[in-house]
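Asks: Quick one: the structure is below, questions incoming.
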Amino acid sequence: MRDTLRQRLGWLHTWIGFVTGLLLCVIFAGGTLAVFNTEITRWMQPENSRLPSGLAPSPKALEAARQNLETLRAQGKQPFLSLPSVRDPVLRVLQYDGHEFVGPALDPIDGQRINVRQTVGGQLFYNLHFTLWLGRDWGRRVVDMLGLAMLVGILSGIIIHLRLLLPDLVLFRPFAARARTWLDGHILAGVFFLPFIVGITYTGVIIHAAAVLPDGAAIHRQAGPMPTALKTPQALPSLTPMLTRAEAEFGAGQIGFFLFNPHHISAVRADGASFLMTRDEAEFRYEDGAFLRHVKHIGATTVLSQSFRGFHFARWTPLPLRWLYFLSGLGGTLLIASGLVLFLMRYRRRYGNTISFCLAESLVIAVLVGFVVAALGLFWTNRLLSATLASRVMWERNIFMAIWLFSLLHAWGLVLAKRAMSAWRQQLLAVTILGMGLPILDILTRSSWTVLLGRNIFCAIDCCALVVGMSAQAIHQRLNAPHQT
């Protein structure tokens, strides 16, 4: 009976793993890169590389930001102001263009506009992880359903491998037959990163599932009349007194951004202020900037939800812990990727000549290798496109999608021609060239590279790209080795 249960769970694990694994791999890869989304954006805007981190905005800079906000609001847009932080040293006047948040960057000292290129930045990977670009409503629903499928796959995998877990765990065989090596890697990634994978998947589902925690949330709002909504945009009051008053309420350096709602102006507590992602705020009146009230989200259920969000978004984390999140996300991505490869190995002999299997292998190649080609291609595109090109954000986004689509068509054509290994090798070669060449590109296209050769985000991203390129080269050589069964 136990073997029958394991066999049935094996069927469930295999098929739910493959059907959902293609998208889950993209979600995990996008989320892994989104751990450093702000740093990726800074890499893609090398013009502000000389600015020190952690500077508080001066009154002059806040006044310049107010004027930029006024201009956008007069155009009927709904901008908001992101304040400088340790991770992002500039003032940003941002608006949502339907895909990404874009807008000018200002020097926090004098308020002068920094002539940075417009870019999708790391926000592209965050949106891919968050909604799969299916729209905020439907995208979140799809991602949540995939998260539930991930939890089912994890549970079934634990039951399947539980009996032989210890022997498999201590007998990793990297130079054994390919199927054995992939299975060992799949089990190791699943075991070592299991707490993180379960935690990040569960919190990712639960923070958007309002039906799971429907009651108990409360908002503590100080008494006072609610201002009437503005029918026409009104001149914004000075931001400096409002920031000072909000920091008196929540602490110096604890305000993340200003929102301009129909009824009032909100100074919102920074997401990285603490482990709890509270979104507490101080409200101000449009007419004169007078403080109205503070809004604090309280209650046991709310605190639990805030802790889930804090764990999942990890905006409070210091740099070492952020790297741990990155490596754990990479482990989760490798777990799913190895499962997809094992699926192909399992069914190649029986169904290798069918159209459905060819499509499955093409999709796996495009997800596992083509996505990396497209991501590295985005970094190259960012530096090679003119910094003053109109609609740069759209160009970057479209080129990323075009490279990814080409990788799928390239894989599909070679797989149909019975040259699947050539598709793997050629795309791995592209990863090798793009990854190992990115540090050189950075040096050639960033004027301040001689000053910033120490520990900084530019060197970190260049080194990561170099490691990816070297890893792709190693896998490429392994695929060229004599086949082992």
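The values are calculated or read from the model by the stated rules, or taken from the named source; none is laboratory data. This one's a predicted model, so the numbers in the text were calculated from it and none came from an experiment. Cβ coordinates were reconstructed from backbone atoms using ideal geometry, including for glycine residues, and neighbour counts include every protein chain displayed. Ligands, DNA and RNA are stripped out before the accessible areas are found, and what is left, the full protein with its side chains, is counted by its heavy atoms. Shrake-Rupley method; radii C 1.70, N 1.55, O 1.52, S 1.80 Å.
Asks: Every residue in the stretch 127-137 that is buried (at least 21 other Cβ atoms within 10 Å of the Cβ) and touching a helix residue (DSSP H, G or I) at 6+ places or on another chain (Cβ under 7 Å), please.
Replies: Answer for the stretch 127-137, where residues must be buried (at least 21 other Cβ atoms within 10 Å of the Cβ) and touching a helix residue (DSSP H, G or I) at 6+ places or on another chain (Cβ under 7 Å): LEU128, HIS129.
Asks: If you don't mind, another one. Open to solvent by less than 40 Å² (accessible area, probe 1.4 Å) and at negative phi: which single residue out of GLU39, GLU47 fits that description?
Replies: GLU39
Asks: Let me ask something else about it. For the stretch 369-385, does any single residue satisfy the condition of being farther than 23 Å from VAL116 by Cα, free of Cβ contacts under 8 Å to residues at least 24 places away in the same chain and either open to solvent by 10 Å² or more (accessible area, probe 1.4 Å) or among the hydroxyl-bearing types (Ser, Thr, Tyr) (or both)?
Replies: No, because not a single residue in the stretch 369-385 is farther than 23 Å from VAL116 by Cα, free of Cβ contacts under 8 Å to residues at least 24 places away in the same chain and either open to solvent by 10 Å² or more (accessible area, probe 1.4 Å) or among the hydroxyl-bearing types (Ser, Thr, Tyr) (or both).
Asks: Just name the residue that is farthest from LEU334 (Cα to Cα) out of those in the stretch 356-366 that are open to solvent by 20 Å² or more (accessible area, probe 1.4 Å) and in contact (Cβ under 8 Å) with a residue 12 or more places away in the chain.
Replies: Checked the stretch 356-366; the qualifying residue farthest from LEU334 (Cα to Cα) is LEU359.
Asks: For the stretch 272-291, how many residues meet the condition of being in contact with a strand residue (DSSP E or B) (Cβ under 7 Å, 6 or more places away or on another chain) and either within 21 Å of LYS77 (Cα to Cα) or modelled with pLDDT of 90 or more (or both)?
Replies: Matching residues across the stretch 272-291 total 9.
Asks: Given the conditions (1) crowded, with 19+ Cβ neighbours inside 10 Å; (2) modelled with pLDDT under 95; (3) over 19 Å from LEU33 (Cα atoms), which single one is not true for PHE458?
Replies: (3)
Asks: Would you be able to say whether some residue in the stretch 321-330 is in contact with a strand residue (DSSP E or B) (Cβ under 8 Å, 6 or more places away or on another chain) and either more than 24 Å from GLY54 (Cα to Cα) or surrounded by 18 or more Cβ atoms within 10 Å (Cβ to Cβ) (or both)?
Replies: So far as the stretch 321-330 goes, no, none of its residues is in contact with a strand residue (DSSP E or B) (Cβ under 8 Å, 6 or more places away or on another chain) and either more than 24 Å from GLY54 (Cα to Cα) or surrounded by 18 or more Cβ atoms within 10 Å (Cβ to Cβ) (or both).
Asks: Determine the pairs where a residue that is within 14 Å of ALA235 (Cα to Cα) and at pLDDT below 95, located within the stretch 52-78, has a partner that is open to solvent by 40 Å² or more (accessible area, probe 1.4 Å) and part of a loop (DSSP other than H, G, I, E, B) with Cβ atoms under 6 Å apart, the partner being 6 or more residues away or on another chain.
Replies: Correct list of pairs: ARG73/PRO233.
Asks: Still on this structure: For the stretch 226-239, check the following and say yes or no: at least one residue is open to solvent by 60 Å² or more (accessible area, probe 1.4 Å), over 19 Å from HIS297 (Cα atoms), at pLDDT below 90 and of a type in the set (A, V, I, L, M, F, W, C).
Replies: yes
Asks: Another question, then. Quick one: would you say GLY30 is modelled with pLDDT of 90 or more and part of a helix (DSSP H, G or I)?
Replies: yes
Asks: May I pose another question? Considering only strands (runs of 3 or more DSSP E) fully contained in the stretch 258-319, which possess at least 2 residues that are open to solvent by 30 Å² or more (accessible area, probe 1.4 Å) and over 24 Å from GLY204 (Cα atoms)?
Replies: 291-298
Asks: Given (1) open to solvent by less than 50 Å² (accessible area, probe 1.4 Å); (2) modelled with pLDDT under 75; (3) in contact with a Ser or Thr (Cβ under 6 Å, 6 or more places away or on another chain), identify the lone condition not met by ALA209.
Replies: Failed condition: (3).
Asks: Okay, next question. What pairs come out if I take residues in the stretch 334-348 that are free of Cβ contacts under 8 Å to residues at least 40 places away in the same chain and pair them with residues that are surrounded by 19 or more Cβ atoms within 10 Å (Cβ to Cβ) and among the charged types (D, E, K, R) whose C-beta lies under 6 Å away, six or more apart or interchain?
Replies: Short answer, once both residue conditions are applied: LEU344/GLU361.
Asks: Further, regarding this structure: Condition first: modelled with pLDDT of 90 or more and over 20 Å from the mean Cα position of the chain (by Cα). Now tell me which residues in the stretch 91-104 satisfy that.
Replies: LEU91, VAL93
Asks: Let me ask another. Only one of LEU23, LEU62 is in contact with a Leu (Cβ under 6 Å, 6 or more places away or on another chain), part of a helix (DSSP H, G or I), open to solvent by 60 Å² or more (accessible area, probe 1.4 Å) and not hydroxyl-bearing (Ser, Thr, Tyr). Can you tell me which?
Replies: The conditions single out LEU23.
Asks: When the stretch 101-120 is examined, which residues are found to be part of a strand (DSSP E or B) and within 21 Å of THR240 (Cα to Cα)?
Replies: Scanning the stretch 101-120 gives ALA105, LEU106, ARG113, ILE114.
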